[in-house]
Amino acid sequence: MARRVATLLSCCFAAVAATQNVPLEIVLSAVVFDGTATMDLNGPDNDAVQCLRAAIVAVLREEYSSAFVSAVTATSYVADGSTNTKVTFRVSDTGINAEYVRNDLLSAVVESSNSDSNLMLALGNCWPYDKINAEAASQVLQTETYRRASFADVGAVVSSAVVMDGFTASYFNADAVSVAQFGVVIADVLRAATVQIDNVVAVNFYGLDEGNGLDAVHSGTVARGSVIRFDVAIHYWPAGATVLETPEAIAQALLDALVAPTPTAFQKALDLYGTSSQFCDGCVLSSGVLNVAASQFYVDEVTMDGSHAVTSPPVPCTANCGGGGDDDDGLDEGEAAAVAIFVILAVVGVAGLTFWLYRSNKLRECCPAEEVEASAGELELDKVSSSAPKTEMV
């Protein structure tokens, strides 16, 4: 019996542990339709929504035949001077793969020379709006199909920073093109979507006290460059990208991009998106030079959970990485004490139950039930005899 109780408790603890860090198998994607008519896609019971949900599942591969499509939303989409309608949605299923979803939908939106696309054929007569814009839909599917991270909460961010010499913070912050293009550079380095990069802002960089090593405090009185801080949203990543869900993973990816190969991945991204005339002609960022040693120092020191806009200046991620404001994963002292008391009481209770079961089993082993009953009868008889009134013989 005691063994059964112990097994039951271990199973309960295992079940609780197993629910932690369970992957949320969700893929975000979108397609584009011609026309600018307002689509009525409010509520899951809407006929158009039901039609689109069924059509999306129908064009996915057989293993996703039980997938669930939800969060269908229509917004305007402008590309090449024309305005169309983009419809975003979520697809969830066990073991779903964002790359497979993207590839299946890419095939489904292509029109043949003498027929509509497979997705339009699946929509059939139940779709009351315009046809799919194949070209725009293909572009959106390749850039806006995202995979849900395994355990990072929706809205979770990691912040970090790198250093650029050649311009000071005030000039960079005042140049909207430089701010935007720097976000594109970081996205390219991390293989993230540009929408994942936010809160790009610079502070003056005065140098490092290199005489005492890179870990020394900052020195100097004249700014020689800028420390550019940024946030990375980590709960969704583009299909095919490596999902980076922790400060350590983000920091390692940045450090790898700073050091090898030659030219480094970071320098390549800067050359393409930060200094080329195509994207940043005459912008402040184009006059900067990446400070590799100082960038390594800052990546190591300030990469942390949460936004630098909430915790400013950033602080190193130590034992309790809780820079995310309301999304703090740590426990305060009162909560920790309550958890400790609960654990102690649970252990004492289990120990007491186990001891009681053990004593009960020992009693049954040493004294058969008949003997116990007989002993109890004799005990009662003794009590009766001792309590009866005594009479003296005359």
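Checking each residue in segment 104-127 for being surrounded by fewer than 17 Cβ atoms within 10 Å (Cβ to Cβ) and assigned to a helix (DSSP H, G or I) picks out LEU106, SER107, LEU121, GLY124, ASN125, CYS126. Residues in segment 268-282 that are over 28 Å from the mean Cα position of the chain (by Cα) and either within 18 Å of ILE197 (Cα to Cα) or open to solvent by less than 50 Å² (accessible area, probe 1.4 Å) (or both): LEU272, GLY274, SER276, PHE279, CYS280.
Limited to segment 179-222, what total is found for residues that are among the small types (Gly, Ala, Ser) and at pLDDT 85 or above? Explain how you work it out, then say what you get.
Going through segment 179-222, the residues among the small types (Gly, Ala, Ser) turn out to be 180, 183, 187, 192-193, 202, 207, 211, 213, 216, 219-220.
Checking the rest, the ones that are also at pLDDT 85 or above come to 180, 183, 187, 192-193, 202.
Qualifying residue count for the region: 6.
Looking at segment 151-169, can you tell me whether even one residue there is touching a strand residue (DSSP E or B) at 6+ places or on another chain (Cβ under 8 Å), in a helix (DSSP H, G or I) and modelled with pLDDT of 90 or more? Yes, the conditions are met somewhere in segment 151-169. Applying the criterion of being outside any strand (DSSP E or B) and open to solvent by 30 Å² or more (accessible area, probe 1.4 Å) to the residues of segment 79-96, the residue that is farthest from ALA67 (Cα to Cα) is GLY81. For segment 276-307, enumerate the residues that are in contact with a Gly (Cβ under 8 Å, 6 or more places away or on another chain), modelled with pLDDT under 90 and part of a loop (DSSP other than H, G, I, E, B). Those that are in contact with a Gly (Cβ under 8 Å, 6 or more places away or on another chain), modelled with pLDDT under 90 and part of a loop (DSSP other than H, G, I, E, B): GLY306, SER307.
Residues in segment 128-143 that are crowded, with 19+ Cβ neighbours inside 10 Å and part of a loop (DSSP other than H, G, I, E, B): TYR129, ASN133.
The values are calculated or read from the model by the stated rules, or taken from the named source; none is laboratory data. Because the structure is predicted, anything quoted here is derived from the model rather than measured. Note: ideal-geometry Cβ built from the backbone for every residue, glycine included; neighbour counts use all protein chains shown. Surface accessibility is based on the protein's heavy atoms, side chains included, excluding ligands, DNA and RNA. Shrake-Rupley method; radii C 1.70, N 1.55, O 1.52, S 1.80 Å.
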